[in-house]
Amino acid sequence: MYPWSRPVTLLLMLFCMQGLSFAQVAEKPTVYVSILPQKFLVDRIGGGNFQVSVMVGPGESPATYELKPRQMAGLKTALLYYRVGVHFEDVWLPKVLSINPQLPLLDAREGLELREMEPAGGHHHDYDATHHHGKGADPHIWMSPRLYSEMARNLARRLGELDPQHADLYRDNYQQLATELDHLNTQIHARLEKLQHRRFMVFHPSWGYFADEYHLQQIPIEAEGKQPGARTLARLIGQAKEEGIKVIFIQKQFDHSQAESIAQEISGRVLAIDPLAEDYLDNLNRIVDAITGESGG
């Protein structure tokens, strides 16, 4: 039984005697998440039993986000904080726990093998040769449908622990979503299997897990918030020309000026794709559309 259940149970008994339903008298417990792809998971697994509050909204960057006072206040009564490993959590989570030391946490990285972040400019060595859980670990785990499915399984288990009465519902919802993700993963493998050009250029290295899953390689312009110098930019321009890259993928949360400068030098263009979109399944298909379009596939 979790913290809010005892007073809610008393209220439910009182209002049921008066002919009122639970939905009429009690607010849903709130699960806080860091980014929108996690909200998608809680909504799908939770089946509407939880209010979901997202820290980083549309167009905002997890790398630079600062919690708002209303979010700090809301965390005092949260049922669960569902973290994913993005940068702002390392800065703000100790402050959150100082306000609510008993706040239950679920780390989306639990049980997953993490990859290392690429350096700015990207090199041709095998990026995923080293996996670890250290400081340089890539947090963008949700970009692999296979890992996202594991995230969903862990979330279903934890929600079932917090709300045993509906554990079967959460498990069933997970199994349905896992089937959809497995189907999507199979489709993407088929669509990307015969791509001739398997490297793609991005501004921010958000696509490592996606690239690893489908045997691609991202070439990032920046990493860890550091802009590349003139020598790295020249190398990137030369590499793009050599490999016939004509599209640089950007996301709206970051400055686009250097990507646009490279695109101008290679007579190419920039194209926005968003790893933080809430509509996860459709968004991955849009990302594949962009990659296959850029590669002529």
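The values are calculated or read from the model by the stated rules, or taken from the named source; none is laboratory data. Model, not experiment: these values are computed from the prediction. Glycine also receives a Cβ, built like all others from the backbone with ideal geometry; neighbour counts cover every protein chain displayed.
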- Item | Any hit, the range 127-146, residues being modelled with pLDDT under 90 and within 30 Å of Gly268 (Cα to Cα) | yes
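What's the total number of residues in the range 92-118 that are in a helix (DSSP H, G or I) and in contact (Cβ under 8 Å) with a residue 24 or more places away in the chain? It would help to see each step written out before you state the result.
Step one: list which residues in the range 92-118 are in a helix (DSSP H, G or I), which gives 92-99.
Now narrow it down to the ones that are in contact (Cβ under 8 Å) with a residue 24 or more places away in the chain: 92, 95-96, 99.
So the count comes out to 4.
Which residues, counting only those in the range 78-91, are in a loop (DSSP other than H, G, I, E, B) and either in contact with a strand residue (DSSP E or B) (Cβ under 8 Å, 6 or more places away or on another chain) or among the charged types (D, E, K, R) (or both)?
Of the residues in the range 78-91, the ones in a loop (DSSP other than H, G, I, E, B) are 78-79, 84-86.
Passing the criteria: Ala78, Leu79, Val84, Gly85.
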- Item | Filtered residues of the range 78-91 (kept if touching a residue at least 60 places away in the same chain (Cβ under 8 Å) and over 30 Å from Ala272 (Cα atoms)) | Leu79, Leu80
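Residue under question is Gly238, and the condition is that it be free of Cβ contacts under 8 Å to residues at least 12 places away in the same chain and not acidic (Asp, Glu); does it hold? Let's see the steps before the verdict.
Working: free of Cβ contacts under 8 Å to residues at least 12 places away in the same chain: yes; not acidic (Asp, Glu): yes.
Against the criterion (free of Cβ contacts under 8 Å to residues at least 12 places away in the same chain and not acidic (Asp, Glu)), Gly238 qualifies.
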- Query: So, of the residues in the range 54-72 that are under 20 Å from Pro29 (Cβ atoms) and without any contact (Cβ under 8 Å) to a residue 24 or more places away in the chain, which turns out to be nearest to the chain's Cα centre (by Cα)?
  - Reply: Val54
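Of all residues in the range 165-190, which are among the aliphatic types (A, V, I, L, M) and either without any contact (Cβ under 8 Å) to a residue 24 or more places away in the chain or closer than 17 Å to Ala211 by Cα (or both)?
Ala167, Leu181, Leu184, Ile188, Ala190
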- Task: Identify, by number, the condition in (1) touching a Lys or Arg at 6+ places or on another chain (Cβ under 8 Å); (2) farther than 29 Å from Pro164 by Cα; (3) among the hydrophobic types (A, V, I, L, M, F, W, C) that Ala63 doesn't meet.
- Result: (1)
- Message: Of the residues Leu75, Leu41, only one is touching a residue at least 24 places away in the same chain (Cβ under 8 Å), buried (at least 20 other Cβ atoms within 10 Å of the Cβ) and closer than 17 Å to Ala108 by Cβ; which?
- Response: Leu41
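Considering only residues that are out of contact with any Phe, Trp or Tyr (no Cβ under 8 Å at 6 or more places or on another chain) and either of a type in the set (A, V, I, L, M, F, W, C) or in contact (Cβ under 8 Å) with a residue 60 or more places away in the chain (or both), which ones fall in the range 221-235? Write out each step before concluding.
Within the range 221-235, the first condition is being out of contact with any Phe, Trp or Tyr (no Cβ under 8 Å at 6 or more places or on another chain), and the residues that meet it are 223-235.
Selection gives Ala223, Glu224, Gly225, Lys226, Gln227, Pro228, Ala230, Thr232, Leu233, Ala234, Arg235.
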- If you take the residues in the range 239-296 that are within 24 Å of Lys39 (Cα to Cα) and in contact with a His (Cβ under 7 Å, 6 or more places away or on another chain), which one is modelled with the highest pLDDT? Pro275
